[in-house]
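Everything below concerns the one structure shown next.
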Amino acid sequence: MKELGPVDYMIVAFPGNNFRGEVAPALADLVDAGTIRIIDLAFVGKNAEGDVVAFELMDLEPDVKKAFEDMGVEVTGLFNEDDLMSTGEKLEPNTSAALLVWENLWARNVADGLRNAGGVLVDFQRIPHEVVQAARDAVLAEA
C-alpha cells in the first residue's frame, strides 16, 4: 500500500448560513489536476436559536451535492460526531461551516523521499494569507 502524502484539514465558517458551493469548481480543478485528493468532507451549522446540526454530503442542495460527488469526494467518517458538534458549538448563531480533509498528492513523492531518508518533521506551519499579503504590500510600498 502506498504511503499517504501530507494531509491537511480546514474548517471554514460561512456567516449567515450562506454556503453556496462556489468553492466546488476550484476544488474540482485541484482534484482533476492530481494536486489533491479529498479524503473527507462534513458540514455543521448553528441556527439563530443556537441549535447545532451536522449534515453530510447527501443533505446538501442537489447542485452542490453533485459538484462534490463529481470530483470523487470520499466521505470516510474521519470527523466523528464529537468533532462536528464541538465545531458547531464554537460557531456564531446563524453560521455554518465546512470541514475538509485532503491529501496533498503533489507532495507525496517528496514526503516518501524524506521518510526514506530518515527525515523527521520538526515543524510545519501555514502562514495566514493576511500576514503574507500585508508583508508584501509593505515591501512594495517601500520599493
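The values are calculated or read from the model by the stated rules, or taken from the named source; none is laboratory data. What you see is a predicted model, and the numbers here were worked out from it, not measured in a lab. Cβ placement follows ideal geometry from the backbone for every residue including glycine, while neighbour counts extend to all protein chains displayed. Heavy atoms of the whole protein, side chains included, go into the accessibility calculation; ligands, DNA and RNA do not. Shrake-Rupley method; radii C 1.70, N 1.55, O 1.52, S 1.80 Å.
Here are a few things to note about the model shown:
- Rounded, prolate or oblate (a/c below 1.5 giving rounded, otherwise prolate when a/b exceeds b/c) for the range 1-47 by Cα gyration tensor: oblate
- For the range 44-83, a/c is not less than 1.5, where a ≥ b ≥ c are the root eigenvalues of the C-alpha gyration tensor, and a/b does not top b/c. That puts it in the oblate class.
- Length added when fully stretched, Arg115-Lys2, from 0.36 nm per residue minus Cα-Cα: 39.4 nm
- For the range 19-98, trypsin sites (Lys or Arg not before Pro) are listed when DSSP marks them as loop and at most 11 other Cβ atoms sit within 10 Å of their Cβ; the list is Arg20.
- Residue-by-residue Karplus 3J(HN,Hα) for the range 94-108, coefficients 6.51, -1.76, 1.60, Hz, glycine and proline x: 6, 9, 10, 8, 9, 10, 9, 10, 9, 9, 8, 4, 4, 9, 4
- Its Kirkwood hydrodynamic radius, worked out from the mean inverse distance over all distinct Cα pairs, puts the range 59-100 at 12.0 Å.
- On full extension, the segment bounded by Asn47 and Ala138 gains 28.7 nm, given 0.36 nm per residue less the C-alpha separation.
- Percent of Cα pairs exceeding the 17 Å cut-off, where the set is the range 32-143: 70 percent
- Restricting the range 67-143 to GluC sites (Glu not before Pro) that sit in a DSSP loop and have at most 15 other Cβ atoms within 10 Å of their own Cβ leaves Glu74.
- Accessible-area composition of the chain, carbon plus sulfur, in percent [1.4 Å probe]: 56 percent
- Spacing of the two label points (7 Å from each Cα toward its C-beta) at Ala13 and Phe55, in nm: 1.9 nm
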